[in-house]
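Let me begin by presenting the structure, written as structure tokens, before commenting on it.
The values are calculated or read from the model by the stated rules, or taken from the named source; none is laboratory data. Remember, predicted model here, so these are calculated numbers, not experimental data. Here the Cβ positions follow ideal geometry from the backbone for every residue, glycine too, while neighbour counts run over all protein chains shown.
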Amino acid sequence: MSAHLQATGSAYFISKETAKLEKHTLSVLVDNEPGVLARVIGLFSGRGYNIESLTVSETEHEKHLSRITIVTSGTHHVLEQIKHQLERIVPVHRVVDLTVLADDLGNGTPLERELALVKVTGTGEARVEALRLADAFRAKVIDANTEHFIFEITGKSSKIDQFIAIMKPLGLVEICRTGIAAMNRGPQGM
């Protein structure tokens, strides 16, 4: 067994070295009750799966249902295992692999958006440049004084990554990101 594929108890190492890693977005509909998120996260950590992004919110108040959006990576086999194991957790109502569904529907990829709050300090030219670039990225100023700005920016994760990279030399101080919210195009629901 090669050094980078040593057994760790993770299903990532069951697949052959040639298996391609894929990034998928899963949408999980669950009962909104204490401990559900911990059980879902426990499934990932207990099997050595990685979560790249996680968002949770109640989406159907009357039915007490929440939607968990998880972005994870793995081989096709590992992603199928994750989906099947999530489906077996008792308070889980439905698991949809949005990446596979979008591909099946001919939509390419699911619609994915993220929100970030970005704090930038600076004076003079750096301050003016930060405002100019924020406008180009359609970031809103939601708090400002003579020493700093807090920008709100929404969009694809790559757009937010670019905005953060551009703000670093201009006085980036702090970042808060929500994680990805996603759904598929078309008239059908989850």
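Observations on the model:
- Residues that are surrounded by fewer than 16 Cβ atoms within 10 Å (Cβ to Cβ) and under 8 Å from the mean Cα position of the chain (by Cα) within the stretch 52-63 comprise just one, Glu52.
- Looking only at the stretch 131-190, and only at residues there that are of a type in the set (Asp, Glu) and closer than 22 Å to Leu54 by Cα, the one that is surrounded by the most Cβ atoms within 10 Å (Cβ to Cβ): Glu152
- Count of residues meeting criterion [among the hydroxyl-bearing types (Ser, Thr, Tyr) and surrounded by 15 or more Cβ atoms within 10 Å (Cβ to Cβ)] in the stretch 38-51: 1
- Qualifying residue in the stretch 110-117 (condition: outside the structural domain of Asn50 (by TED's automatic domain parsing) and at positive phi): no
- All positions within the stretch 102-120 that are among the aliphatic types (A, V, I, L, M) and either modelled with pLDDT of 95 or more or surrounded by fewer than 19 Cβ atoms within 10 Å (Cβ to Cβ) (or both): Leu105, Leu111, Leu115, Ala116, Leu117, Val118, Val120
- Within the stretch 44-76, the residues that satisfy the criterion of being more than 22 Å from Gly189 (Cα to Cα) and not in a strand (DSSP E or B) are Phe44, Ser45, Gly46, Arg47, Gly48, Tyr49, Asn50, Thr75, His76.
- Filter pass, Val96 being in the same structural domain as Phe163 (by TED's automatic domain parsing), assigned to a strand (DSSP E or B), surrounded by 14 or more Cβ atoms within 10 Å (Cβ to Cβ) and not acidic (Asp, Glu): no
- Among the candidates Glu80, Glu152, Glu147, Glu174, the residue that is more than 30 Å from Arg47 (Cβ to Cβ) and at pLDDT below 95 is uniquely Glu147.
- Across the stretch 69-91, not a single residue is classified as among the small types (Gly, Ala, Ser), touching an Asp or Glu at 6+ places or on another chain (Cβ under 8 Å) and within 22 Å of Gly35 (Cα to Cα).
- For the condition within 14 Å of the chain's Cα centre (by Cα), surrounded by fewer than 18 Cβ atoms within 10 Å (Cβ to Cβ), modelled with pLDDT under 95 and not assigned by TED's automatic domain parsing to the domain that holds Asp161, Ser73 qualifies.
- Residues of the stretch 106-124 that are out of contact with any Leu (no Cβ under 9 Å at 6 or more places or on another chain), in a loop (DSSP other than H, G, I, E, B) and of a type in the set (Gly, Ala, Ser): Gly106, Gly108.
- Qualifying residue in the stretch 77-88 (condition: in a strand (DSSP E or B) and over 20 Å from the mean Cα position of the chain (by Cα)): no
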